[in-house]
Amino acid sequence: QLEPLPALTPEFLCVLNDVCVKCYTDFAPDELEVSVREHILQDLEGFVRRQFSGARLRLFGSSKNGFGFRQSDLDICMVLDGQDTMDDIDCITIIESLARLLKKHPDLKNILPITTAKVPIVKFYHVRTGLEGDISLYNTLALHNTHLLATYGAFDNRVKILCYVMKVFAKVCDIGDASRGSLSSYAYTLMVLFFLQQRNPPVIPVLQEIYDAQKKPEVLVDGWNVYFYDDLKTLPSRWSEYGGNTESVGELWLGLLRFYTEDFDFREHVICIRQRARLTTFNKQWTSKYIVIEDPFDLNHNLGAGLSRKMTNFIMKAFINGRTVFGTPIKVLSPIYPNQVE
Ligand code: CTP
Ligand code: MG
(Lines give C-alpha, C1' and ligand atoms only; values in the text may rest on other atoms or scores of the structure.)
(Ligands and ions follow the chains in the order given, each with its own letter.)
Protein backbone atom coordinates (compact mmCIF):
# COMPACT_ATOMS: atom_id res chain seq x y z
CA GLN A 1 0.00 0.00 0.00
CA LEU A 2 1.55 3.30 -1.12
CA GLU A 3 1.14 6.39 1.03
CA PRO A 4 -0.41 9.35 -0.80
CA LEU A 5 2.01 12.12 -1.76
CA PRO A 6 1.27 15.75 -0.88
CA ALA A 7 1.05 18.42 -3.57
CA LEU A 8 4.47 19.77 -4.45
CA THR A 9 5.34 23.42 -4.10
CA PRO A 10 7.39 25.19 -6.79
CA GLU A 11 10.10 25.72 -4.13
CA PHE A 12 10.33 22.01 -3.43
CA LEU A 13 10.48 21.17 -7.13
CA CYS A 14 13.33 23.63 -7.39
CA VAL A 15 15.24 21.85 -4.59
CA LEU A 16 14.53 18.49 -6.19
CA ASN A 17 15.85 19.77 -9.48
CA ASP A 18 19.03 21.10 -7.88
CA VAL A 19 19.68 17.76 -6.17
CA CYS A 20 19.36 15.98 -9.52
CA VAL A 21 21.62 18.39 -11.37
CA LYS A 22 24.15 18.08 -8.55
CA CYS A 23 24.36 14.30 -9.06
CA TYR A 24 25.59 15.07 -12.54
CA THR A 25 27.93 17.99 -11.83
CA ASP A 26 29.47 16.33 -8.75
CA PHE A 27 30.11 12.95 -10.29
CA ALA A 28 30.77 13.39 -14.01
CA PRO A 29 34.46 13.04 -14.87
CA ASP A 30 36.28 16.04 -16.32
CA GLU A 31 38.22 16.10 -19.59
CA LEU A 32 41.45 15.13 -17.90
CA GLU A 33 39.91 11.99 -16.44
CA VAL A 34 38.49 11.05 -19.83
CA SER A 35 41.89 11.43 -21.46
CA VAL A 36 43.55 9.35 -18.71
CA ARG A 37 41.26 6.47 -19.70
CA GLU A 38 42.24 6.81 -23.36
CA HIS A 39 45.89 6.90 -22.34
CA ILE A 40 45.62 3.67 -20.32
CA LEU A 41 43.88 2.06 -23.28
CA GLN A 42 46.67 3.05 -25.69
CA ASP A 43 49.31 1.82 -23.30
CA LEU A 44 47.56 -1.52 -22.79
CA GLU A 45 47.05 -1.99 -26.51
CA GLY A 46 50.75 -1.49 -27.14
CA PHE A 47 51.59 -3.95 -24.38
CA VAL A 48 49.13 -6.63 -25.55
CA ARG A 49 50.42 -6.34 -29.11
CA ARG A 50 53.80 -7.69 -28.01
CA GLN A 51 52.15 -11.10 -27.92
CA PHE A 52 48.96 -10.62 -29.97
CA SER A 53 50.25 -8.62 -32.90
CA GLY A 54 46.83 -7.90 -34.46
CA ALA A 55 45.10 -6.95 -31.19
CA ARG A 56 42.87 -3.88 -31.01
CA LEU A 57 41.41 -2.62 -27.76
CA ARG A 58 38.30 -0.47 -27.49
CA LEU A 59 36.60 1.14 -24.53
CA PHE A 60 32.86 0.67 -24.04
CA GLY A 61 30.39 0.95 -21.15
CA SER A 62 30.38 4.10 -19.04
CA SER A 63 33.84 5.24 -20.23
CA LYS A 64 32.07 5.85 -23.57
CA ASN A 65 28.31 6.09 -23.07
CA GLY A 66 28.37 9.48 -21.31
CA PHE A 67 27.17 8.21 -17.91
CA GLY A 68 30.55 7.51 -16.34
CA PHE A 69 31.67 8.25 -12.80
CA ARG A 70 35.19 9.24 -11.81
CA GLN A 71 35.81 5.77 -10.41
CA SER A 72 33.79 3.74 -12.92
CA ASP A 73 35.56 0.65 -14.15
CA LEU A 74 37.28 0.47 -17.54
CA ASP A 75 35.28 -1.83 -19.79
CA ILE A 76 37.56 -2.91 -22.63
CA CYS A 77 36.83 -5.12 -25.62
CA MET A 78 39.64 -6.79 -27.56
CA VAL A 79 39.46 -8.01 -31.16
CA LEU A 80 42.09 -9.36 -33.53
CA ASP A 81 42.65 -7.74 -36.94
CA GLY A 82 41.14 -9.69 -39.79
CA GLN A 83 39.02 -11.93 -37.57
CA ASP A 84 35.27 -11.30 -37.22
CA THR A 85 34.29 -13.72 -34.48
CA MET A 86 35.80 -16.15 -32.02
CA ASP A 87 34.35 -19.36 -30.61
CA ASP A 88 34.00 -19.95 -26.86
CA ILE A 89 36.94 -22.36 -26.53
CA ASP A 90 39.36 -19.95 -28.23
CA CYS A 91 38.02 -17.11 -26.08
CA ILE A 92 38.87 -18.98 -22.89
CA THR A 93 42.36 -19.91 -24.13
CA ILE A 94 43.12 -16.33 -25.12
CA ILE A 95 41.73 -14.89 -21.87
CA GLU A 96 44.04 -17.22 -19.95
CA SER A 97 47.15 -16.30 -21.93
CA LEU A 98 46.15 -12.62 -21.80
CA ALA A 99 46.07 -12.92 -18.01
CA ARG A 100 49.59 -14.40 -17.97
CA LEU A 101 50.80 -11.54 -20.16
CA LEU A 102 49.13 -8.78 -18.12
CA LYS A 103 50.79 -10.09 -14.95
CA LYS A 104 54.07 -8.78 -16.42
CA HIS A 105 52.72 -5.25 -16.84
CA PRO A 106 54.35 -2.96 -14.23
CA ASP A 107 51.22 -0.80 -13.68
CA LEU A 108 48.75 -3.65 -13.20
CA LYS A 109 47.87 -5.73 -10.15
CA ASN A 110 45.25 -8.32 -9.12
CA ILE A 111 45.06 -9.94 -12.55
CA LEU A 112 42.16 -12.38 -12.50
CA PRO A 113 40.83 -14.36 -15.46
CA ILE A 114 37.14 -15.27 -15.15
CA THR A 115 36.36 -17.90 -17.75
CA THR A 116 33.13 -19.31 -16.31
CA ALA A 117 31.02 -16.17 -16.90
CA LYS A 118 28.67 -15.69 -19.89
CA VAL A 119 31.25 -13.27 -21.24
CA PRO A 120 34.78 -14.46 -20.25
CA ILE A 121 36.96 -11.59 -19.00
CA VAL A 122 40.28 -10.86 -17.40
CA LYS A 123 40.04 -8.37 -14.54
CA PHE A 124 42.83 -6.02 -13.49
CA TYR A 125 43.62 -3.13 -11.18
CA HIS A 126 45.53 -0.13 -12.52
CA VAL A 127 47.79 0.90 -9.65
CA ARG A 128 48.58 4.52 -10.52
CA THR A 129 44.98 5.59 -11.11
CA GLY A 130 43.23 3.19 -8.76
CA LEU A 131 40.90 2.22 -11.60
CA GLU A 132 39.61 -1.32 -12.01
CA GLY A 133 38.99 -2.74 -15.42
CA ASP A 134 38.30 -5.81 -17.45
CA ILE A 135 39.02 -7.00 -20.95
CA SER A 136 36.52 -9.14 -22.84
CA LEU A 137 36.84 -10.57 -26.35
CA TYR A 138 34.55 -9.89 -29.30
CA ASN A 139 31.95 -8.24 -27.08
CA THR A 140 30.68 -6.56 -30.23
CA LEU A 141 27.06 -6.11 -29.18
CA ALA A 142 28.25 -4.20 -26.12
CA LEU A 143 30.07 -1.73 -28.39
CA HIS A 144 26.81 -1.18 -30.27
CA ASN A 145 24.62 -0.81 -27.19
CA THR A 146 27.17 1.64 -25.75
CA HIS A 147 26.76 3.75 -28.89
CA LEU A 148 22.95 3.52 -28.57
CA LEU A 149 23.06 4.74 -24.95
CA ALA A 150 25.51 7.51 -25.88
CA THR A 151 23.16 8.70 -28.63
CA TYR A 152 20.19 8.88 -26.25
CA GLY A 153 22.37 10.68 -23.70
CA ALA A 154 23.47 13.26 -26.25
CA PHE A 155 19.91 13.88 -27.41
CA ASP A 156 18.73 15.86 -24.39
CA ASN A 157 20.66 16.92 -21.30
CA ARG A 158 17.85 15.69 -19.04
CA VAL A 159 18.54 12.13 -20.19
CA LYS A 160 22.13 12.34 -19.06
CA ILE A 161 21.29 13.90 -15.70
CA LEU A 162 18.57 11.33 -14.96
CA CYS A 163 20.88 8.44 -15.81
CA TYR A 164 23.38 9.83 -13.30
CA VAL A 165 20.66 10.27 -10.66
CA MET A 166 19.50 6.70 -11.23
CA LYS A 167 23.04 5.34 -10.86
CA VAL A 168 23.66 7.35 -7.68
CA PHE A 169 20.32 6.13 -6.31
CA ALA A 170 21.20 2.50 -7.14
CA LYS A 171 24.59 2.84 -5.45
CA VAL A 172 23.21 4.54 -2.33
CA CYS A 173 20.47 1.90 -1.99
CA ASP A 174 22.95 -0.90 -2.70
CA ILE A 175 20.84 -2.32 -5.53
CA GLY A 176 23.31 -1.76 -8.39
CA ASP A 177 25.72 -4.68 -8.52
CA ALA A 178 24.83 -7.55 -10.84
CA SER A 179 27.76 -9.62 -9.56
CA ARG A 180 26.07 -9.60 -6.13
CA GLY A 181 22.64 -10.57 -7.42
CA SER A 182 21.07 -7.17 -8.14
CA LEU A 183 20.95 -5.28 -11.46
CA SER A 184 23.80 -3.77 -13.49
CA SER A 185 24.17 -0.05 -14.20
CA TYR A 186 23.29 -0.94 -17.76
CA ALA A 187 19.92 -2.35 -16.65
CA TYR A 188 19.07 0.80 -14.65
CA THR A 189 19.99 2.97 -17.62
CA LEU A 190 17.55 0.98 -19.76
CA MET A 191 14.86 1.58 -17.10
CA VAL A 192 15.45 5.35 -17.32
CA LEU A 193 15.32 5.36 -21.14
CA PHE A 194 12.13 3.28 -21.17
CA PHE A 195 10.44 5.69 -18.75
CA LEU A 196 11.46 8.69 -20.90
CA GLN A 197 10.05 7.00 -24.02
CA GLN A 198 6.77 6.14 -22.28
CA ARG A 199 6.28 9.58 -20.70
CA ASN A 200 3.46 11.63 -22.15
CA PRO A 201 4.63 13.54 -24.12
CA PRO A 202 7.81 11.51 -24.53
CA VAL A 203 11.20 13.04 -23.76
CA ILE A 204 13.08 10.78 -26.18
CA PRO A 205 12.09 8.88 -29.32
CA VAL A 206 12.55 5.19 -30.01
CA LEU A 207 15.67 5.37 -32.19
CA GLN A 208 15.31 1.78 -33.35
CA GLU A 209 11.94 2.64 -34.89
CA ILE A 210 13.08 5.65 -36.94
CA TYR A 211 14.43 5.11 -40.46
CA ASP A 212 14.42 6.76 -43.86
CA ALA A 213 13.79 3.71 -46.00
CA GLN A 214 10.42 1.97 -46.42
CA LYS A 215 11.55 -0.89 -44.27
CA LYS A 216 13.73 -0.95 -41.17
CA PRO A 217 17.36 -1.41 -42.29
CA GLU A 218 19.08 -4.58 -41.15
CA VAL A 219 22.57 -4.38 -39.68
CA LEU A 220 23.36 -7.81 -38.30
CA VAL A 221 25.84 -8.42 -35.48
CA ASP A 222 26.00 -11.86 -33.87
CA GLY A 223 22.67 -12.55 -35.56
CA TRP A 224 20.88 -9.49 -34.07
CA ASN A 225 19.77 -6.30 -35.79
CA VAL A 226 21.75 -3.41 -34.28
CA TYR A 227 20.27 -0.71 -36.51
CA PHE A 228 19.17 2.56 -34.89
CA TYR A 229 18.83 6.15 -36.11
CA ASP A 230 22.02 7.83 -34.91
CA ASP A 231 22.08 11.14 -36.79
CA LEU A 232 21.14 13.62 -34.07
CA LYS A 233 21.33 16.60 -36.45
CA THR A 234 18.47 15.42 -38.64
CA LEU A 235 16.53 13.69 -35.86
CA PRO A 236 14.31 16.61 -34.72
CA SER A 237 12.71 16.83 -38.18
CA ARG A 238 12.17 13.06 -38.22
CA TRP A 239 10.45 12.91 -34.86
CA SER A 240 7.00 14.50 -34.75
CA GLU A 241 6.84 14.76 -30.95
CA TYR A 242 10.18 16.56 -30.72
CA GLY A 243 10.30 19.24 -28.03
CA GLY A 244 6.83 18.41 -26.68
CA ASN A 245 8.03 17.57 -23.21
CA THR A 246 9.27 20.52 -21.15
CA GLU A 247 9.31 18.98 -17.66
CA SER A 248 12.26 19.71 -15.40
CA VAL A 249 14.71 16.99 -14.36
CA GLY A 250 13.32 17.08 -10.82
CA GLU A 251 9.76 16.49 -12.04
CA LEU A 252 10.97 13.67 -14.26
CA TRP A 253 12.92 12.00 -11.46
CA LEU A 254 9.91 11.92 -9.17
CA GLY A 255 7.86 10.94 -12.22
CA LEU A 256 10.16 7.96 -12.75
CA LEU A 257 9.86 6.77 -9.15
CA ARG A 258 6.08 7.12 -9.34
CA PHE A 259 5.94 5.38 -12.72
CA TYR A 260 7.73 2.27 -11.48
CA THR A 261 5.82 2.15 -8.18
CA GLU A 262 2.32 3.28 -9.23
CA ASP A 263 1.79 2.75 -12.96
CA PHE A 264 4.02 0.15 -14.51
CA ASP A 265 2.71 -3.40 -14.23
CA PHE A 266 5.83 -5.53 -13.84
CA ARG A 267 3.86 -8.78 -14.05
CA GLU A 268 2.33 -7.86 -17.36
CA HIS A 269 4.94 -5.79 -19.19
CA VAL A 270 8.55 -5.86 -20.30
CA ILE A 271 10.91 -2.90 -19.97
CA CYS A 272 11.81 -2.64 -23.64
CA ILE A 273 13.39 0.38 -25.33
CA ARG A 274 13.35 -0.88 -28.93
CA GLN A 275 9.65 -0.25 -29.55
CA ARG A 276 7.02 2.19 -28.35
CA ALA A 277 4.22 -0.37 -28.17
CA ARG A 278 4.11 -2.25 -24.87
CA LEU A 279 5.62 -5.73 -24.98
CA THR A 280 4.16 -8.32 -22.62
CA THR A 281 6.00 -10.84 -20.47
CA PHE A 282 3.62 -13.39 -21.98
CA ASN A 283 4.80 -12.53 -25.54
CA LYS A 284 8.37 -13.19 -24.45
CA GLN A 285 7.56 -16.27 -22.32
CA TRP A 286 9.32 -14.48 -19.49
CA THR A 287 6.56 -14.82 -16.92
CA SER A 288 8.61 -16.42 -14.13
CA LYS A 289 10.40 -13.19 -13.23
CA TYR A 290 8.99 -9.99 -11.79
CA ILE A 291 11.44 -7.42 -13.19
CA VAL A 292 11.89 -8.12 -16.89
CA ILE A 293 14.25 -5.93 -18.92
CA GLU A 294 14.86 -6.82 -22.55
CA ASP A 295 18.25 -5.98 -24.06
CA PRO A 296 17.69 -3.62 -27.04
CA PHE A 297 19.67 -5.83 -29.43
CA ASP A 298 20.05 -9.31 -27.95
CA LEU A 299 16.34 -10.02 -27.66
CA ASN A 300 16.94 -13.30 -25.81
CA HIS A 301 18.66 -11.46 -23.00
CA ASN A 302 16.57 -10.53 -19.96
CA LEU A 303 18.69 -8.29 -17.74
CA GLY A 304 16.52 -9.25 -14.78
CA ALA A 305 16.98 -13.01 -15.22
CA GLY A 306 19.44 -13.31 -12.34
CA LEU A 307 17.21 -11.67 -9.71
CA SER A 308 16.00 -13.76 -6.79
CA ARG A 309 12.58 -13.09 -5.31
CA LYS A 310 14.24 -11.59 -2.24
CA MET A 311 16.43 -9.23 -4.29
CA THR A 312 13.42 -8.22 -6.40
CA ASN A 313 11.56 -7.22 -3.24
CA PHE A 314 14.60 -5.34 -1.98
CA ILE A 315 14.81 -3.35 -5.23
CA MET A 316 11.09 -2.60 -5.27
CA LYS A 317 11.29 -1.39 -1.64
CA ALA A 318 14.11 0.96 -2.61
CA PHE A 319 11.89 2.48 -5.31
CA ILE A 320 8.95 2.79 -2.91
CA ASN A 321 11.12 4.50 -0.28
CA GLY A 322 12.62 6.70 -2.98
CA ARG A 323 9.14 7.80 -4.02
CA THR A 324 8.32 8.84 -0.44
CA VAL A 325 11.67 10.54 0.18
CA PHE A 326 11.74 12.50 -3.08
CA GLY A 327 8.00 13.12 -3.11
CA THR A 328 7.66 14.62 0.38
CA PRO A 329 8.58 18.29 0.74
CA ILE A 330 11.03 19.11 3.48
CA LYS A 331 11.27 22.47 5.20
CA VAL A 332 14.02 24.35 3.44
CA LEU A 333 16.08 26.22 6.01
CA SER A 334 17.50 29.56 5.04
CA PRO A 335 21.27 29.28 4.62
CA ILE A 336 21.77 32.56 6.51
CA TYR A 337 19.93 31.39 9.62
CA PRO A 338 20.54 27.63 9.55
CA ASN A 339 18.86 27.06 12.93
CA GLN A 340 15.75 29.03 12.17
CA VAL A 341 12.58 26.94 12.36
CA GLU A 342 9.28 28.35 11.17
N1 CTP B 1 26.62 -4.89 -20.81
C2 CTP B 1 25.80 -5.69 -21.56
N3 CTP B 1 24.97 -6.58 -20.95
C4 CTP B 1 24.92 -6.66 -19.60
C5 CTP B 1 25.73 -5.84 -18.81
C6 CTP B 1 26.56 -4.95 -19.45
O7 CTP B 1 25.84 -5.60 -22.80
N8 CTP B 1 24.10 -7.54 -19.03
C9 CTP B 1 27.54 -3.96 -21.50
C10 CTP B 1 26.90 -2.63 -21.85
O11 CTP B 1 27.49 -2.17 -23.05
C12 CTP B 1 27.34 -1.74 -20.71
C13 CTP B 1 28.73 -2.30 -20.44
O14 CTP B 1 28.62 -3.70 -20.65
O15 CTP B 1 27.37 -0.39 -21.10
C16 CTP B 1 29.25 -2.04 -19.06
O17 CTP B 1 28.34 -2.48 -18.09
P18 CTP B 1 28.32 -1.86 -16.65
O19 CTP B 1 29.74 -1.79 -16.13
O20 CTP B 1 27.26 -2.56 -15.88
O21 CTP B 1 27.74 -0.43 -16.92
P22 CTP B 1 28.44 0.95 -17.06
O23 CTP B 1 27.55 1.74 -17.95
O24 CTP B 1 29.85 0.78 -17.50
O25 CTP B 1 28.33 1.56 -15.59
P26 CTP B 1 29.40 1.73 -14.41
O27 CTP B 1 29.73 3.18 -14.43
O28 CTP B 1 28.66 1.33 -13.17
O29 CTP B 1 30.56 0.84 -14.71
MG1 MG C 1 31.38 -0.18 -16.42
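Assorted remarks:
- Shown are 274, 180, 70, whose ranking by accessible area with a 1.4 Å probe and every protein chain present, most to least, is 180, 70, 274.
- Only Lys, Arg, Asp and Glu carry charge here, each on its Cβ (+1 for the first two, -1 for the last two); on that basis the range 108-164 has a dipole of about 100 debye about its Cα centre.
- The phi-based Karplus calculation (6.51 cos²θ - 1.76 cosθ + 1.60; θ = phi - 60°) puts the 3J(HN,Hα) values of the range 71-84 at 9, 4, 5, 8, 9, 10, 10, 10, 10, 10, 3, x, 10, 7 Hz, whole numbers, x for Gly and Pro.
- Proximal charge balance of residue 258 [Cβ under 13 Å; K/R count +1, D/E count -1]: -3
- Cross-link reach is defined here as a Cα-Cα straight distance under 19 Å, omitting same-chain residues fewer than 8 places apart; for residue 123 the aspartates and glutamates meeting it are 38, 43, 45, 73, 75, 88, 90, 96, 107, 132, 134, 177.
- Computed magnitude of the charge dipole of the chain (debye, nearest 20; Cβ of K, R +1, Cβ of D, E -1): 580 debye
- Qualifying aspartates and glutamates (Cα of each under 16 Å from Cα of residue 289; at least 8 residues distant if same chain): 265, 268
- Net lengthening on full extension, residue 174/residue 80 (0.36 nm per residue, minus Cα-Cα): 30.1 nm
- Mean Cα-pair separation over length for the range 202-342, i.e. relative contact order, pairs under 8 Å, 6 or more apart, %: 19 percent
- Magnitude of the charge dipole, the range 31-139, Cβ model with Lys/Arg +1 and Asp/Glu -1, debye to 20: 360 debye
- Exceeding the 28 Å Cα-Cα cut-off - candidates 118/171; 216/284; 22/103; 167/216; 215/284; 233/284: 22/103; 167/216; 233/284
- Within the accessible area of the range 31-139 (1.4 Å probe), percent carbon and sulfur: 50 percent
- Residues 278, 309 ordered from highest to lowest accessible area at a 1.4 Å probe: 309, 278.
- In Å², nearest 10: area of residue 330 left accessible to a 1.4 Å probe: 110 Å²
- Take every pair of alpha-carbon atoms less than 8 Å apart whose residues are at least six positions apart; their mean separation over the length of the chain yields a relative contact order of 17 percent.
- Calculated [θ] (222 nm, deg cm²/dmol) that DSSP helices of n ≥ 4 give over the chain, each run adding -39,500 (n - 2.57): -12500 deg cm²/dmol
- Within the full protein context, the accessible area of residue 64 is estimated at about 100 Å² for a probe radius of 1.4 Å.
- q = 0.09 Å⁻¹: log10 I(q)/I(0) that the Debye formula gives for the chain, counting C-alpha atoms only: -0.55
- Each of 111, 243, 228 was placed along the dipole of the chain (beta-carbon charges, centred on the mean Cα), and the one lying farthest toward the positive end is 111.
The values are calculated or read from the model by the stated rules, or taken from the named source; none is laboratory data. What you are looking at is a predicted structure, and each value in this text was computed from that prediction instead of being measured. Virtual Cβ from ideal backbone geometry, glycine too; neighbours counted across all protein chains shown. Ligands, DNA and RNA are stripped out before the accessible areas are found, and what is left, the full protein with its side chains, is counted by its heavy atoms. Shrake-Rupley method; radii C 1.70, N 1.55, O 1.52, S 1.80 Å.
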